[in-house]
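Read the structure below first, then the notes.
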Amino acid sequence: VAAADRRLQLSAKAQALSQDWQELRGKADTQQGKLMSQLNKAVVRAATSLSSLNSRQLAQALDPKALCFYDAGEFPGCSGLVALTLDDAPCRGETSMLCEIKELLQKFDARATFFLCTDSVPGHEDALVDLIRAGSEMANHGCSDQPYGGLTESEFGAVFHRAENVCEVLRAKARGEELPELPELPESDVPEPAVQAAAAATAATAPLVEATNEAADAADAAVTADLPAEASSAASASSALSPLPGADASEASDASEGDPTVKRNWALGLSGLASGLARSPQRKAVEAEVPAVIPQSPYRWFRAPHADLSPNMQKVLSQNGFTNVLCDSFANDTQILDSSFIAETLLSLVDPRGGSIIVIHTPEPGFREHNFEALEILLQGLAERQLRAVTVH
């Protein structure tokens, strides 16, 4: 009996210790999230405060062939309009906020382009079809939220077509048409997750990655030397700590170990944003206007996850008549938790004439949920500026 009592006491203590550990870990994770949010806010604030910044130059430096904005001066029909895009739709799990987003868009007479991670579409088809019927559009963001830059042309082609097939089915349902006959993709053509494929390509891309990293480090050093003390230290820390958009901090940390394809996307970290924005005017100080990219017609959109578009990916897009869509207004909302800051940053980057392309990541219960409030503040701010959100199309 005494031994049994002893075992019960030890079991109770073990459970209490386990509970205390979970609480401490939760508090630590919360503090880490707040720290990363503050860190990224400091760098964004510093980057957007430099008077010579031009976010359109940075966007086109990432991909000169991408559609990053519509020039309202060249295309007067864009005056008073901005394109609102939501990434990583519909959500990661079973519960989405698509109905709430639809109601919010209707409140402001707004539309949006939803870039879909199509492996997450099953179970959310009806809500996505309702959004299309309400005036929004669906576009291709790949099968899942991961970089595809390390894939071969045929491997990416399989991912691209599989994702586009899902989008086509949704569009057909919204039109009330019979489902289109779509080509079957052989299982052998559908690659394993792109991260694995990219890792396999590391040896071949190592020289290019190393050269890019050296250029990134040099740019970061040049920019942080001229930034205010708070932002300079934040930018330096951010280059090592800031996860890529769309990735959890823990996932990004694990993924970055020994994987040069992660560091290749340095321009999407906030230190990269600061250095990229400041570097462009230094390279072309006289250049005030950035020529707009005219998309191919008929208009078909793709957005490369993490803005990682390789030559192989571009070949597939060109062969199929698709345009990669980036933006000129982005606030790193995957890492910053302050809804007001996100919305105000986006509004500060929008061209007051119209034509800007805004990116915000799709909120869902318990994940990026702060973006729903940011979206509402953004739409209210656009209305106050006599701007209306529409689709990219």
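Summary table
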| item | result |
| --- | --- |
| Under-5 Å amide H pairs with SER356, H placed in peptide plane, nonlocal only | TYR70, ALA83, ASP351 |
| Vicinal HN-Hα couplings computed from phi for segment 120-134 (Karplus, 6.51 cos²θ - 1.76 cosθ + 1.60; Hz; Gly/Pro x) | 9, 6, x, x, 10, 4, 4, 5, 5, 4, 4, 5, 4, 5, 8 |
| Pairwise FRET efficiency - GLN386 versus LYS315, Cβ, R0 = 56 Å, nearest 0.05 | 0.85 |
| Cβ-placed point charges (K, R +1; D, E -1), dipole of segment 137-183 about Cα centre in debye, nearest 20 | 120 |
| Whole-number accessible area per residue in Å² for segment 61-124, which is evaluated in the context of all protein chains at 1.4 Å | 41 |
| Alpha-carbon Debye profile of segment 87-162, log10 I(q)/I(0) at 0.17, 0.27 Å⁻¹ | -0.66, -1.26 |
| Solvent-accessible area per residue, Å², over segment 291-353 with all protein chains present [probe radius 1.4 Å] | 37 |
| Rounded to the nearest 10 Å², the accessible area of LYS102 at probe 1.4 Å | 60 |
| Segment 343-393: projected area of the alpha-carbon convex hull, averaged over directions, in nm² | 3.6 |
| Pairwise label distance in nanometres, ALA2 with ALA61, each label 7 Å out on the Cα-Cβ vector | 7.6 |
| Cβ-derived FRET efficiency at R0 41 Å, GLN38 paired with LEU10, nearest 0.05 | 0.45 |
| Label zone at GLU23, where the point sits 7 Å out along the Cα-to-Cβ direction: segment 356-393 residues whose backbone N lies under 14 Å | none |
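The values are calculated or read from the model by the stated rules, or taken from the named source; none is laboratory data. The structure displayed is predicted, hence computed values, not measured ones. Neighbour counts are summed over all protein chains in view; Cβ atoms, including those assigned to glycine, are modelled from backbone coordinates with ideal geometry. Note: areas computed on protein heavy atoms with side chains; ligands, DNA, RNA excluded. Shrake-Rupley method; radii C 1.70, N 1.55, O 1.52, S 1.80 Å.
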